[in-house]
1. In segment 13-24, what count of residues is obtained for those that are assigned to a strand (DSSP E or B) and buried (at least 22 other Cβ atoms within 10 Å of the Cβ)?
2. Where residues in segment 418-432 are at pLDDT below 90 and open to solvent by 30 Å² or more (accessible area, probe 1.4 Å), which of them is nearest to residue 443 (Cα to Cα)?
3. Under 8 Å between Cβ atoms, at least 6 apart or on separate chains: pull out the pairs that start in segment 204-230 with a residue that is touching a residue at least 24 places away in the same chain (Cβ under 8 Å) and end on any residue that is surrounded by fewer than 19 Cβ atoms within 10 Å (Cβ to Cβ) and not in a loop (DSSP other than H, G, I, E, B).
4. Say we look at segment 173-189 and pick out the residues that are open to solvent by 10 Å² or more (accessible area, probe 1.4 Å) and in a loop (DSSP other than H, G, I, E, B); which of these is farthest from residue 162 (Cα to Cα)?
5. Please go through segment 26-48 and give me each residue that is touching a Ser or Thr at 6+ places or on another chain (Cβ under 9 Å) and either open to solvent by less than 20 Å² (accessible area, probe 1.4 Å) or over 25 Å from residue 183 (Cα atoms) (or both), ordered by number.
6. Would you confirm whether any residue within segment 287-294 is under 30 Å from residue 420 (Cβ atoms), polar (S, T, N, Q), open to solvent by less than 20 Å² (accessible area, probe 1.4 Å) and not in a helix (DSSP H, G or I)?
7. Quick check: anything in segment 206-223 out of contact with any His (no Cβ under 6 Å at 6 or more places or on another chain), not in a loop (DSSP other than H, G, I, E, B) and not small (Gly, Ala, Ser)?
8. Report yes if residue 411 is more than 18 Å from residue 6 (Cβ to Cβ) and either free of Cβ contacts under 8 Å to residues at least 40 places away in the same chain or in contact with a His (Cβ under 6 Å, 6 or more places away or on another chain) (or both), otherwise no.
Amino acid sequence: MARLFGTDGVRGIANEELTPELAMALGRAGAFVLAKRKKHPLILIAKDTRISGDLLEDALAAGILSMGGNVIKTGVLPTPGIAYLVRKMGADAGAVISASHNPFEYNGIKFFSGEGFKLDDALEDEMEAFVTGKKEFLQKPLMGASMGRIMIPEESPAGLYREFVKSTAGVRLDGMKIVIDCANGAASPIAETVFSDLGADVTVICDSPDGININDGCGSTHPEKLCEAVVREKADIGLAFDGDADRLIAVDETGTEVDGDRVIMICAGLLKEEGTLKNDTVTVTVMSNLGFHKRAEQLGMHVDVTAVGDRYVLESMRKTGCVIGGEQSGHIIFLNHSTTGDGMIAALQLLRACIRAGRPLSELAAEIPVFPQVLINAKVKNENKNAYRQDEEICRLIDETEKKMKGDGRVLIRPSGTEPLVRVMIEGSDTEEIRGDAEKIASLIEEKMA
């Protein structure tokens with residue numbers, strides 16, 4: 001049986017794989033495991049703008065209430081908002097209902113500890129054991145006065161989070177013209193205010209969620225509309241978030257995309273200049289471009305490399321004390337400010353770097369070389385996502401491709417943590433050649449593992 005928890009919580013098609021019954025079971029398990037057996041633990045719940053959010057929110061809350069936990073529903077809020085609010089409001093745990101950058105029909109549930117961190121594997125395994133029946137609850141669902149309640153907060157959770165994000169800026173944005181793409185997601189209610197309150201001239205696109213248009217041709221995974229808007233508005237920069245606003249992809253003043261690798265390196269460069277880049281170290285995943293490593297070497301930085309997933313980046317950062325890390329996809333963690341990736345905090349730090357340098361984003365980004373990189377997704381059955389490793393023909397083709405490159409590139413194959421896909425990434429000097437090689441490997445994986 002596949003593990004219930006993926007790299008970022010529990011995900012699936014809402015009301016088919018991620019059902020109200022499963023959400024309620026997760027609520028019961030979360031209240032029991034995360035609340036340290038307190039009589040009435042407080043758990044915060046946030047959601048993005050998907051139509052299924054209401055369904056899963058009520059089911060999750062019901063599970064928590066049945067175990068004596070109290071719940072505050074924070075409403076539509078970015079994922080990093082919960083990471084901040086559990087600490088600010090003294091909650092015992094938090095949960096976010098979101099499938100991040102995935103299409104609207106998917107949804108997910110991820111949990112945060114009372115310290116604002118995503119759960120480690122051991123805690124998720126314990127919760128999963130209760131959900132799947134491998135462990136029995138020592139405490140039965142409660143009745144009468146012992147049940148939990150929905151609590152009304154004294155202050156607006158969204159307002160508290162918005163003011164916190166603004167407090168991390170470190171600069172005013174007066175005179176800057178910015179276009180923001182909210183992906184019709186969780187950033188929609190607050191992003192414009194955050195940046196305009198700091199003095200920027202803000203144009204917002206894709207900020208009218210209707211339950212089904214989240215990430216639909218917009219946001220960090222589809223920045224084309226933002227690129228066009230930046231040029232049309234003659235803006236200094238464009239900022240694209242994903243559905244739950246924990247990712248950032250930037251667009252420079254020429255309408256050119258600037259990915260997470262370059263954003264991380266630009267911000268790390270500023271921290272190094274200021275003497276606040278601890279141990280001159282930055283943390284990224286195996287997906288980061290070879291050009292990132294070249295630039296780090298030029299600047300005298302050490303690069304820690306982890307498996308794909310912001311949780312693994314964060315685990316490494318906590319061990320080493322590194323203050324900045326993230327992924328090419330735009331998950332960027334500033335550990336001095338937040339316990340998880342935060343798209344708006346990352347955007348403010350990138351803007352601070354541009355302002356401190358007195359140079360446009362295009363010039364700063366150009367200092368970081370980018371080696372051609374091709375990513376092809378092979379569609380497979382969920383239970384077959386790791387089976388390619390045991391297939392001799394697939395392994396032989398991968399080995400032959402790597403040998404052909406003679407060290408001038410690399411092949412990276414990895415199963416998706418959230419979707420029924422195996423991702424085939426090849427990096428090298430000839431884009432057409434590596435695309436053909438990636439397509440060949442992906443086709444073979446689909447043929448044998450679908």
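The values are calculated or read from the model by the stated rules, or taken from the named source; none is laboratory data. These figures come from a predicted structure and were not determined experimentally. A quick note on method: Cβ atoms are made from the backbone with ideal geometry, for glycine too, and the neighbour counts reach across all protein chains shown. Accessible surface areas use protein heavy atoms only, side chains included; no ligands, DNA or RNA. Shrake-Rupley method; radii C 1.70, N 1.55, O 1.52, S 1.80 Å.
1. 2
2. Looking at residues that are at pLDDT below 90 and open to solvent by 30 Å² or more (accessible area, probe 1.4 Å), I get 420.
3. From residues that are touching a residue at least 24 places away in the same chain (Cβ under 8 Å), the pairs are 204/192; 205/225; 206/225; 207/192; 218/225; 223/257; 227/257; 229/203.
4. Only one residue fits best here, namely 175.
5. Within segment 26-48, 27, 28, 31, 34, 39, 40, 44, 45, 46, 48 qualify.
6. Filtering segment 287-294 for residues under 30 Å from residue 420 (Cβ atoms) gives 287-290, 292.
Checking the rest, the ones that are also polar (S, T, N, Q) come to 288-289.
Subsequent filtering for residues that are open to solvent by less than 20 Å² (accessible area, probe 1.4 Å) retains 288-289.
From what's left, not in a helix (DSSP H, G or I): 288-289.
Yes - at least one qualifying residue is present in segment 287-294.
7. At the first step, the residues of segment 206-223 found to be out of contact with any His (no Cβ under 6 Å at 6 or more places or on another chain) are 206-214, 216-220, 222-223.
Still in the running and not in a loop (DSSP other than H, G, I, E, B): none.
No: zero hits.
8. Values: more than 18 Å from residue 6 (Cβ to Cβ): yes; either free of Cβ contacts under 8 Å to residues at least 40 places away in the same chain or in contact with a His (Cβ under 6 Å, 6 or more places away or on another chain) (or both): yes.
It is true that residue 411 is more than 18 Å from residue 6 (Cβ to Cβ) and either free of Cβ contacts under 8 Å to residues at least 40 places away in the same chain or in contact with a His (Cβ under 6 Å, 6 or more places away or on another chain) (or both).
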